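The values are calculated or read from the model by the stated rules, or taken from the named source; none is laboratory data. Note that the coordinates shown come from a computational prediction; the quantities given were computed from them, not determined experimentally. Using ideal geometry, Cβ is built from the backbone for each residue, glycine included, and neighbour counts are taken over all protein chains shown.
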Amino acid sequence: MHPTITRIQDVVAKGDDALIADLLAEDIRFMPPTYYATWTGRAPVAAVLGHVGQVFSDFHYRRIMGSGVDWALEFQCRIGDLDAVGVDLITLNDDGLIQVFEVAMRPLKSVSALREAMNARVSTDPRFLEFRKALS
């Protein structure tokens, strides 16, 4: 298994954006399950994933499939009192860093709870005001 994929298993559930950032390409593209938009760039994506790691509880990867640069990591977690399952679809770049990170998740009720929790966290995180300015 690729070392980045091994490492992400330890890092995601901790919710530590500094640890997550070390695995991300500078120009990473992240597609979350909560809305149809793409986050771009190491700092904003690490911040988002850091918050996700704090919203999820009982997070663990159930299956890991892939080779080379393309990987699918099936996970299970809880969001509040709701169960959720999903898949992290990851593409690595030539340096072994995560270039593309897309998440598919179900059920809808859990995805909605994740969106609510993330909106509440992001609205109180001053870094996101800077990220929005940079995108404007």
**OP:** Confirm whether ASP16 is under 13 Å from the mean Cα position of the chain (by Cα) and surrounded by fewer than 19 Cβ atoms within 10 Å (Cβ to Cβ).
**Re:** yes
Original post:
Can you tell me which of ARG115, ARG132 is at pLDDT below 95 and within 16 Å of the chain's Cα centre (by Cα)?
Top reply: ARG115
Subject >> Conditions (1) surrounded by 15 or more Cβ atoms within 10 Å (Cβ to Cβ); (2) outside any strand (DSSP E or B); number of the one not met by TYR35 >> reply: (1)
Subject >> Long-range neighbours under 6 Å by Cβ, at least six apart or interchain, first residue under 18 Å from ALA37 (Cβ atoms) within region 85-111, second assigned to a strand (DSSP E or B) and among the aromatic types (Phe, Trp, Tyr) >> reply: GLY86/PHE75; PHE101/PHE30
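So, LEU19, is that one closer than 16 Å to PHE75 by Cβ and of a type outside the set (Phe, Trp, Tyr) or not? I'd like the intermediate steps shown before the answer.
Details: closer than 16 Å to PHE75 by Cβ: no; of a type outside the set (Phe, Trp, Tyr): yes.
So LEU19 fails the test.
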Original post:
Does ARG78 fit the bill of being charged (D, E, K, R), touching an Asp or Glu at 6+ places or on another chain (Cβ under 8 Å), more than 21 Å from THR6 (Cα to Cα) and without any contact (Cβ under 8 Å) to a residue 60 or more places away in the chain?
Top reply: yes
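Going through region 41-58 one residue at a time, which ones are over 12 Å from the mean Cα position of the chain (by Cα) and either at negative phi or at pLDDT 95 or above (or both)?
Of everything in region 41-58, those that are over 12 Å from the mean Cα position of the chain (by Cα) and either at negative phi or at pLDDT 95 or above (or both) turn out to be ALA43, SER57.
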